[in-house]
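For reference, the structure is listed below as structure tokens.
The values are calculated or read from the model by the stated rules, or taken from the named source; none is laboratory data. Treat the numbers as computed from the prediction; the structure is a model and nothing was measured. So basically every Cβ, Gly included, is an ideal-geometry build from the backbone, and we count neighbours across all protein chains shown.
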Amino acid sequence: MTGPRPMPTVRRGFFDPPPELAEYREQDPLMRLKYPDGHVGWLVTGHRLARTVLADSRFSARSELKRAPVHRPGADPFYGKPALPGWLVDMDRPEHTRLRRLLAGQFTAHRMEELRPRIHRIVEDHLNEMERRSGPVDLVTAFALPIPSLVICELLGVPYDRREAFQRDSATLFRLDATAEEAAGAMEGLEALLREVTEYQSRPGGSGLLGALAVGGQMSMAEITGTGVLLLTAGHETTASSLALGVFALLCHPEQLAALRADPALVDGAVEELLRYLTIFQFGVPRTPLEDVELEGRVIRAGESVTISLPAANRDPDRFEDPDRLDVTRQARGHLAFGYGIHQCLGQNLARAEMRTALPLLLARFPQLRLAVPAERVPLSHDMGFYGVHRLPVIW
């Protein structure tokens, strides 16, 4: 067994995870990992083993047991402490089960299909505005960020004119260099906004998901507020990153872009492949065993932190042939971009609906879409928990 390694963070290419992850996976898909606080835990890099850990209820998602695998002061107010009310991603059964059951009906594939016409209209409106501006434009601010922001705002009932504040606070939560004070302040701002929205929607005649949860009486106000913060932040940050980075990847792989243009019916599979290939949750998913667990002939002791590297698992050649190649015709189902098990992303159907709608409409409207700057000048978000681009200047 090799000695503990630090979590690699330096990428060599625009779209590939740090190459050390592939080296680790080849050497040993279950490797000792040294955390920034000196704790020695484990790193999982293989697809099969990642699924095993994520599906095993003996591995806890509770925030009081979590450690960040990279230096991230902004996690200090939240990790090592009980989960904030409503933050089901930081909870185990039965609390997680109760909250997820109350929300799941709002995010089914059928419900997202019902939203597709509205998503289509939102996308068309932003494409119209882009066309009026005639380029060059930043695709992040003109397209990739506002579309999921507006959709999740409408779903939750959050006024869209508050987007500047919540987008700023949300970005602070995901910044790797945010201080503990900055992150705590951002959370306070988001909680105040969602509490205000929930209280307003709870009045007679109110509407929106948060109001419905309040009227239902099965969640406390604190839980509804916390759930609203979770859905609002994750509901726009992740899709915005996936959409912008996905367009960047297609523009840098013209043969894949041409294949998708030639056959728009490929879009569903292409979205799955982009999710797999890019895997924006770049530093993995933390879990902690509540008891000693034997894996791969070794014992993971209770309390030892385990980080599951989703980018490494999604590039595992034992699961995906030629995994470092983007192939929009690939059958990429089974990827772990949304996690796996009971904590698999609640909003995955919404993210798919947004990407499956936005990508073909964008490519059809602008057949000459291309980068307005050399690819090397596109600023990548190495400094965020979610990988993506800060800006994507394009022309057509």
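Numbers below:
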read-out	value
Selection within region 203-230 - surrounded by 17 or more Cβ atoms within 10 Å (Cβ to Cβ) and either on the phi > 0 side of the Ramachandran plot or not in a helix (DSSP H, G or I) (or both)	G206, G208, M219
Some residue of region 82-105 being under 15 Å from F283 (Cα atoms), touching a residue at least 60 places away in the same chain (Cβ under 8 Å), out of contact with any Ser or Thr (no Cβ under 8 Å at 6 or more places or on another chain) and of a type outside the set (A, V, I, L, M)	no
Only one of A178, A192, A183 that is closer than 22 Å to L155 by Cα and either not in a helix (DSSP H, G or I) or not charged (D, E, K, R) (or both)	A192
Subset tally (residues that are charged (D, E, K, R), in contact with an Asp or Glu (Cβ under 9 Å, 6 or more places away or on another chain) and either more than 22 Å from A186 (Cα to Cα) or without any contact (Cβ under 8 Å) to a residue 24 or more places away in the chain (or both)) for region 52-78	2
Qualifying residue in region 265-274 (condition: at pLDDT 95 or above, of a type in the set (G, A, S), crowded, with 21+ Cβ neighbours inside 10 Å and closer than 29 Å to S305 by Cα)	no
Single residue of R168, R162, R203 found to be within 30 Å of F14 (Cα to Cα) and basic (K, R)	R168
Single match in G86, G46, G74 (criterion: at positive phi and under 21 Å from the mean Cα position of the chain (by Cα))	G86
Qualifying strands (runs of 3 or more DSSP E) (wholly inside region 291-334; at least 3 residues being not hydroxyl-bearing (S, T, Y))	293-295, 298-300
Residue selected from region 331-354 under the condition among the charged types (D, E, K, R) and surrounded by fewer than 20 Cβ atoms within 10 Å (Cβ to Cβ), by the criterion modelled with the lowest pLDDT	R333
In region 186-196, residue nearest to G211 (Cα to Cα) [restricted to those that are under 22 Å from the mean Cα position of the chain (by Cα) and not hydrophobic (A, V, I, L, M, F, W, C)]	E191
Breaking point among (1) over 18 Å from the mean Cα position of the chain (by Cα); (2) farther than 16 Å from E237 by Cα; (3) crowded, with 18+ Cβ neighbours inside 10 Å, for E181	(3)
Residue match in region 277-297 (condition: farther than 24 Å from P17 by Cα, at pLDDT below 95 and not hydroxyl-bearing (S, T, Y))	yes
Filter result for E26 (buried (at least 16 other Cβ atoms within 10 Å of the Cβ), under 30 Å from A249 (Cα atoms) and without any contact (Cβ under 8 Å) to a residue 24 or more places away in the chain)	no
Subset of region 349-396 that is hydrophobic (A, V, I, L, M, F, W, C) and in a strand (DSSP E or B) - its residue that is nearest to the chain's Cα centre (by Cα)	F386
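Table: residues versus (1) polar (S, T, N, Q); (2) out of contact with any strand residue (DSSP E or B) (no Cβ under 7 Å at 6 or more places or on another chain); (3) closer than 30 Å to V394 by Cα.
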| residue | (1), (2), (3) |
| --- | --- |
| K81 | no, yes, no |
| D90 | no, yes, no |
| E95 | no, yes, no |
| L102 | no, yes, no |
| L115 | no, yes, yes |
| I119 | no, yes, yes |
| V123 | no, yes, yes |
| S134 | yes, yes, yes |
| L139 | no, no, yes |
